[in-house]
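Right, one structure below, let's go through it.
The values are calculated or read from the model by the stated rules, or taken from the named source; none is laboratory data. Because the structure is predicted, anything quoted here is derived from the model rather than measured. As a convention, Cβ positions derive from the backbone with ideal geometry for all residues, glycine included, and neighbour counts pool all protein chains shown. These accessible areas exclude ligands, DNA and RNA; they are computed on the full protein's heavy atoms, side chains included. Shrake-Rupley method; radii C 1.70, N 1.55, O 1.52, S 1.80 Å.
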Amino acid sequence: MRHLSDMCMEIGGPFMTHLLLPEALGPAPQSTASKGDGDNDIFGITRAVAILHFFKQHRMTIRAVLCLLAVVSTLGQLFSRYPVYDYVVVGGGGAGSLWAARLSETKNTVLVLEQGPNATCYKCDNTVLNDIDDLWTSHGNSLFTTPQGPAQRSFKQIKMSRPGGNTRIYQGVAYPAHPGVYRQYPGNLTYEKFLPYYAKFQNHYCNYLNQSITGISPADCLKYHGTKSGPMGIARPVTTYSDSAFFKALIQSAPEFGLKYLPDAWNGADQLNNKDGQAIFFQQHFRRVAEPANPESARVRESTWSGYTPYSVRARKNLTYKTETQAIRIIFRNEVNRGDFGFVLLTGFPNTNSPSTQAVGVLYQQGDQTFAVFARKQLVLAGGVLGTPKLLQQSGVGPADLLTSLGIPVVANNKYIGQNVADHPGFVSVFKAKKQLPVNLVNFGCLGTILLTTPFAKHGYPDIQVQLFPTFPITTFESVAGLSPLQLQYPPSPVANDTTAIGAAPILNFIICRTDPTVRGSYNITGTQYRYTSQLDLGWSTDFGTYAGSDDYQATRWVVNYLRGKLLGANATSFGKEWIEQELVPGIVDPAGQEYNDLLANAYNSGLTYHQTGGVDLGTATDIYGSVKGVTGITACDNSVQPHPPNQNPTGAMLALCEYVSEQLIQHTAGGPSLDDVFLQLAPEPTPSSAAGSAEALPSSGAIPLAVSSAPFFILSVLFFLF
């Protein structure tokens, strides 16, 4: 039996054009109605008779046309397009903003799926203040670690759900990794290889200010900082305000501390020529400066959102953002081949002999609906340490034993996914000063940094970063404001003759970060549903003896004693004698109990510095181009891909790494089909079984179910039988 559609095409095709022409009605039959004076057919009787005559004469033709319309209407409802882009970026945060900008520089189409809402944040984008209050709103997406250390404290890991991610609220300390860090990188990825990528993202102040101000020669400016074309503004503190007086005095005493003053901590040659690596320098920050040629000009935080994706970039026609979305699982080609998504034509995709491991798209949720979107050239993961490993594991890419224990089908046994996670353990030594130390809204206390190399350094470069922060006592890292009993004891007071200052107090914090930690942890999923909480374990021993004997604690304790020797007592440096009165934390006690006092203070007050790296390490979990091992079609780059913790704040090293990875990806996927290819879907019944281990992931992309779309077919069928 022939299909009805074939019969319709046979009967109706030749008559379609004929039917639509006016002359198809032919000569109207003569009506017996009388004609008026104007020979007008007032009631249209003659025309009506002609139409009825036509319908009678062409009854079969009309039925064929109605049949065709019914079939076309039904198919129009059955077939709907899945959206397809050349690149789909999962995560629009710190790294995702870079990916959005670089991938959309070409003619390729780019979709960015961002978890957070697209909402304005005045404090994020127009000040240097930390908008930590936003973490307790819909923009916050933090989680707690498993109990860590002998005090078994669960730390809150900050995660900001906004485009730009945590770079919208961070302090914005801008540094590269030490050249020695790159000796821990895989393959031939040396410090020299990454220098052009560091230069690529910078819009550095040395390009605007004279060498007499910066201490940076034009040649070194070009080598280490590039030109003015980079997206990320970098500025140094304004050093003419009252808040910088203490740090200038500390620099003057640098030789007594065994420190070398560095005009530019980005200068790798200076770092390498400093034999013990111990140094002091003014901090540099990611900042947008209103007048770059004015060293005292107003400046605000430069996030990757404002730097890489200003409005001129977000307005690109080939770049699309979808906010308030949550990617829940990666789609692999074999799912499409077996019909999980209906009748889908994968046109323009790379051919493969392993469809079960070729990623072609992602399922995401928006509101209470689940959608599918496809990436023709590459799926890019930029969800960070807390996002990228989770999505991979949830999709069946990770340690096979973990996935099997949770009932998730193993797509690829990549034992490195979610492992080797590191943070910079932090502890704060707090001192009472002999003078009031101001803080202002321009520098916000972020003035200077000290690098130290302890006897516990393993890789030949400084393993400790000490950041100096005045005025507000910091005893834990949970609040950057350092709200503690000490602040009640030493509340900020007004500052005379400095309108920029917001207050002053006799407090100086030395924030000690162990930047080359020995301990490593993991970040693993706990169930088949993406919404389930994952487990972040930093690996800090809960046993007092093991903790006290660890290199990380011993290195921190060495710094505490180093500061005591330089700041207190008869042998103190000139800076210590002029500026420091006493140690408040950990505090000086009877010598017999000092070691125990220091251990307790560290155990109960150490915290995260929010410098997490690792989990999808370059060279183990991925190849040296960021392509995830065991599968094809997936490239990752964010802080999770850094294979070794940088010895300072990780954002600069992350941006250089992702500049490199994005360049490699664009070069390797430059070719490909035209952008006109589409997907067609024959809507199946929604079924949780197509979600490969996740009952949340339905294969619908908004297609209208057949039961809802039958109305046009029904109406046309009635007309068909009337004729």
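Computed quantities for the displayed model
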item	result
Centre separation in Å (Cα based) which lies between region 226-269 and region 360-420	42 Å
5 angstrom amide H check on TRP540, placed H, neighbours 5+ away	GLY149
Linear extension gain, ASP498 paired with PHE144, 0.36 nm per residue minus alpha-carbon span	123.4 nm
Of the chymotrypsin sites (Phe, Trp or Tyr not before Pro) in region 436-532, those whose Cβ has at most 15 other Cβ within 10 Å and which sit in DSSP loop	TYR532
Distance violations [Cα-Cα > 31 Å] among LYS223/LYS377; LYS228/LYS415; LYS107/LYS629; LYS123/LYS377; LYS159/LYS566; LYS223/LYS317	LYS223/LYS377; LYS228/LYS415; LYS123/LYS377; LYS159/LYS566; LYS223/LYS317
Region 464-543: radius of gyration over Cα atoms, expressed as a fraction of 2.2 N^0.38 Å	1.64
Residues with amide H under 5 Å from that of ALA433, placed H, sequence gap 5 or more	ILE507, LEU508, GLU581
Phi to ³J(HN,Hα) by Karplus 6.51 cos²θ - 1.76 cosθ + 1.60 over region 326-342, Hz, x for Gly, Pro	10, 5, 10, 6, 7, 9, 10, 5, 5, 5, 5, 4, 8, x, 4, 10, x
Rg and Dmax of region 334-425, Cα atoms only, in Å	15.0, 52
Region 336-428, dipole about Cα centre (Lys/Arg Cβ +1, Asp/Glu Cβ -1), debye to the nearest 20	260 debye
Estimated distance in nm for a label pair at ARG520 and GLN252, the labels positioned 7 Å out from Cα along Cα-to-Cβ	4.7 nm
Exposure ranking of TYR82, TYR261 by accessible area [1.4 Å probe, largest first]	TYR261, TYR82
Solvent-accessible area of THR476 with every protein chain in place, 1.4 Å probe, in Å² to the nearest 10	40 Å²
Most to least accessible of LYS566, LYS377 (protein chains only, probe 1.4 Å)	LYS566, LYS377
Long-range HN-HN contacts of THR632 with modeled amide H, under 5 Å	GLN358, ALA359
